[in-house]
Amino acid sequence: MDKPLISVIMPSYNVAKYIRVCMESVLAQSLQDMEILAIDAGSEDGTLDILREYADKDERICLVHSEKKSYGYQVNLGIQMARGKYIGIVETDDFIEPDMYRILYEWTKENDVDYVRGQGAFYREIAEGMAAERPIRCPIKDEAMFGRVLNPHEHPEFVYSDRFLWLGLYRADFVRSIRLNETPGAAYQDIGFMLQVHIKAAKAVYVNRCIYHYRLDNTASSAYDERAFRYLVQETSYKESFLEELPAVWRKYSALALLDQIQTRFYQMAFSEHYWKGSIDDIEYVRTYLKDLYQRDVIRMEDMDPGSWAGLQLLLESPESLYDSCRFDYLAKTYGVRLLKKQIGETEVIIFGAGKRGRYCHMLLTAQGIGTVRLFCDNNCRMQGIKQQGLMVSSLSGAYAEYPNAVYVVPGGKYAHEMRQQLLGRGINEEQIILFDIAENDSLLRKI
């Protein structure tokens with residue numbers, strides 16, 4: 001095969017459940033001039049067989065065996081092997097938009113930059129044909145900056161908000177100057193990579209298009225690994241050699257990102273319903289690290305939102321204080337879910353309202369196995385007769401005629417009282433009406 005325009009590095013380890021969706025999304029790219037470096041770290045769940053199947057069908061795919069079970073090592077190996085002028089990375093439990101690399105390449109080509117980055121979304125599959133997505137935090141706050149050539153040295157705040165290596169397309173001769181930390185596992189090794197990208201790049205472009213879908217429903221992923229605090233400590237140590245030669249503002253934003261990641265891990269620990277005692281030493285390392293920066297005035301209250309500031313104060317008081325706070329927050333969030341389970345049980349459900357709140361209600365009930373949702377009903381006649389998330393939207397009279405004994409759930413909102421009165425006026429009993437007032441939170445969309 002001639003030298004390709006783009007090399008796509010796809011590190012894998014035991015992702016048989018997701019690899020086909022991922023691979024199909026890469027093969028379906030509108031820009032076809034690419035090689036695919038499928039670098040597997042010794043999968044034992046059938047992933048390798050699926051990769052061999054694809055490699056036999058498409059000469060662009062090169063199947064490579066990694067000697068280490070290390071995401072950093074796999075990506076470094078791919079960068080070393082890549083023959084393309086540009087390099088991208090796709091994690092093999094995710095999937096990408098069909099025009100991802102065409103969009104990024106066109107911006108790279110037109111502007112001769114070190115990298116181009118698009119936007120992404122966190123993705124959680126609730127059931128077949130039903131998924132929840134929310135945008136990944138975007139580093140660009142001023143829309144006028146999209147599509148402009150930027151100098152990352154003038155934006156050290158990107159270290160806080162621009163964290164994921166797979167959102168970008170990198171010029172190969174630029175990215176070969178960067179190495180990922182080759183620690184075991186697959187957590188946080190993009191921290192050091194992205195720090196080096198922001199330090200070393202002279203020109204970059206950010207594109208306001210969602211091009212990447214990052215999966216949250218893979219319970220085997222590093223996001224749910226109890227060794228995550230150890231990985232975070234290893235990556236914090238790795239990036240120190242780069243930070244020590246930079247102005248203090250870079251360390252500030254790096255520390256704020258670390259605080260954010262620590263708080264996220266404490267929430268994961270709270271959701272697991274037990275304190276990860278094997279992580280005590282690693283948590284103490286991070287606590288001491290952040291305490292030192294706080295005492296030296298590198299990070300200050302005015303640098304943080306209220307939640308981050310409160311989290312830092314609790315962590316400095318004691319890790320147990322932060323854990324207890326996260327645990328209380330978890331119990332408060334899940335109280336409404338547990339109450340719904342008692343109220344609804346396994347009965348048939350009609351959701352009165354097919355808008356955003358109604359759709360979230362449907363996803364939550366499905367994710368938690370609460371009742372059997374049969375229909376949406378809605379007063380908006382333009383919605384009636386269409387499907388939302390695989391369910392038909394009916395009029396209230398049509399829903400009642402078919403399911404007079406169902407539980408009718410009313411998503412909270414300014415019209416909730418009027419909707420309840422409408423249900424009572426239709427002849428639906430008080431005991432059949434339930435107000436759904438749980439705030440949207442994707443952490444509640446995984447089984448409690």
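Those helices (runs of 4 or more DSSP H) of the stretch 257-368 in which at least 3 residues are outside the structural domain of residue 423 (by TED's automatic domain parsing) and crowded, with 20+ Cβ neighbours inside 10 Å, considering only elements entirely within it, cover 280-295, 306-317, 319-344. Residues that are in a helix (DSSP H, G or I) and of a type in the set (S, T, N, Q) within the stretch 387-435 comprise 397, 421, 422, 432, listed in sequence order. Against the test of being within 17 Å of residue 93 (Cβ to Cβ), of a type in the set (A, V, I, L, M) and touching a residue at least 24 places away in the same chain (Cβ under 8 Å), the options 258, 232, 216, 246 yield a single qualifying residue, 216.
Condition check ((1) part of a loop (DSSP other than H, G, I, E, B); (2) buried (at least 17 other Cβ atoms within 10 Å of the Cβ); (3) touching a residue at least 24 places away in the same chain (Cβ under 8 Å); (4) in contact with a strand residue (DSSP E or B) (Cβ under 6 Å, 6 or more places away or on another chain)) across all residues:
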residue: 124; (1), (2), (3), (4): no, yes, yes, yes
residue: 132; (1), (2), (3), (4): no, yes, yes, yes
residue: 156; (1), (2), (3), (4): yes, yes, yes, no
residue: 159; (1), (2), (3), (4): no, yes, yes, no
residue: 163; (1), (2), (3), (4): yes, yes, yes, no
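Every residue, every condition in (1) charged (D, E, K, R); (2) touching a helix residue (DSSP H, G or I) at 6+ places or on another chain (Cβ under 8 Å); (3) in a helix (DSSP H, G or I); (4) modelled with pLDDT of 95 or more, yes or no:
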{"position": "169", "(1), (2), (3), (4)": "no, yes, no, yes"}
{"position": "187", "(1), (2), (3), (4)": "no, yes, no, no"}
{"position": "195", "(1), (2), (3), (4)": "no, yes, yes, yes"}
{"position": "202", "(1), (2), (3), (4)": "no, yes, no, yes"}
{"position": "205", "(1), (2), (3), (4)": "no, yes, no, yes"}
{"position": "211", "(1), (2), (3), (4)": "no, yes, no, yes"}
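Of the strands (runs of 3 or more DSSP E) that lie entirely inside the stretch 4-95, those containing 1 or more residues that are surrounded by fewer than 17 Cβ atoms within 10 Å (Cβ to Cβ) span 61-65.
Of note, residue 231 satisfies the criterion of being surrounded by 21 or more Cβ atoms within 10 Å (Cβ to Cβ), modelled with pLDDT under 95, of a type in the set (Ser, Thr, Tyr) and not assigned by TED's automatic domain parsing to the domain that holds residue 137.
Restricting to the stretch 400-417, name every residue that is touching a Leu at 6+ places or on another chain (Cβ under 8 Å) and surrounded by fewer than 17 Cβ atoms within 10 Å (Cβ to Cβ).
The first filter runs over the stretch 400-417 and keeps only residues touching a Leu at 6+ places or on another chain (Cβ under 8 Å), leaving 402-403, 408-410, 412, 416.
Passing the criteria: 402, 412.
Yes or no: the stretch 106-117 includes at least one residue that is surrounded by 19 or more Cβ atoms within 10 Å (Cβ to Cβ) and acidic (Asp, Glu). Checked against the condition, which is being surrounded by 19 or more Cβ atoms within 10 Å (Cβ to Cβ) and acidic (Asp, Glu), the stretch 106-117 yields at least one hit.
Looking at 103, 36, which one is at pLDDT 95 or above, over 15 Å from residue 15 (Cα atoms) and under 23 Å from the mean Cα position of the chain (by Cα)? Give the steps one after another, and end with the answer.
Working: 36 fails: under 23 Å from the mean Cα position of the chain (by Cα).
Answer to the check: 103.
Considering 374, 426, 382, 420, the condition of being basic (Lys, Arg), outside the structural domain of residue 126 (by TED's automatic domain parsing), surrounded by 12 or more Cβ atoms within 10 Å (Cβ to Cβ) and more than 24 Å from residue 338 (Cα to Cα) is satisfied by 426 alone. Only one of the numbered conditions (1) at pLDDT below 95; (2) more than 30 Å from residue 320 (Cβ to Cβ); (3) not in a helix (DSSP H, G or I) is not met by residue 220, and that is (2). Residue check, residue 253 against (1) at pLDDT 95 or above; (2) over 18 Å from residue 138 (Cα atoms), all met but one. Which one? The single condition residue 253 does not satisfy is (2).
Within the stretch 107-116, does at least one residue satisfy the condition of being under 26 Å from residue 51 (Cβ atoms) and in a strand (DSSP E or B)?
Step one: filter the stretch 107-116 for residues under 26 Å from residue 51 (Cβ atoms), giving none.
No, every residue in the stretch 107-116 fails to be under 26 Å from residue 51 (Cβ atoms) and in a strand (DSSP E or B).
Kindly indicate whether residue 254 is surrounded by fewer than 16 Cβ atoms within 10 Å (Cβ to Cβ), in a helix (DSSP H, G or I) and of a type in the set (S, T, N, Q).
Numbers: surrounded by fewer than 16 Cβ atoms within 10 Å (Cβ to Cβ): no; in a helix (DSSP H, G or I): yes; of a type in the set (S, T, N, Q): yes.
The answer is no for residue 254.
The values are calculated or read from the model by the stated rules, or taken from the named source; none is laboratory data. Keep in mind that what you see is a predicted model, and the values were worked out from it rather than measured. FYI the Cβ positions are ideal-geometry reconstructions off the backbone, even for glycines, and counts take in every protein chain you see.
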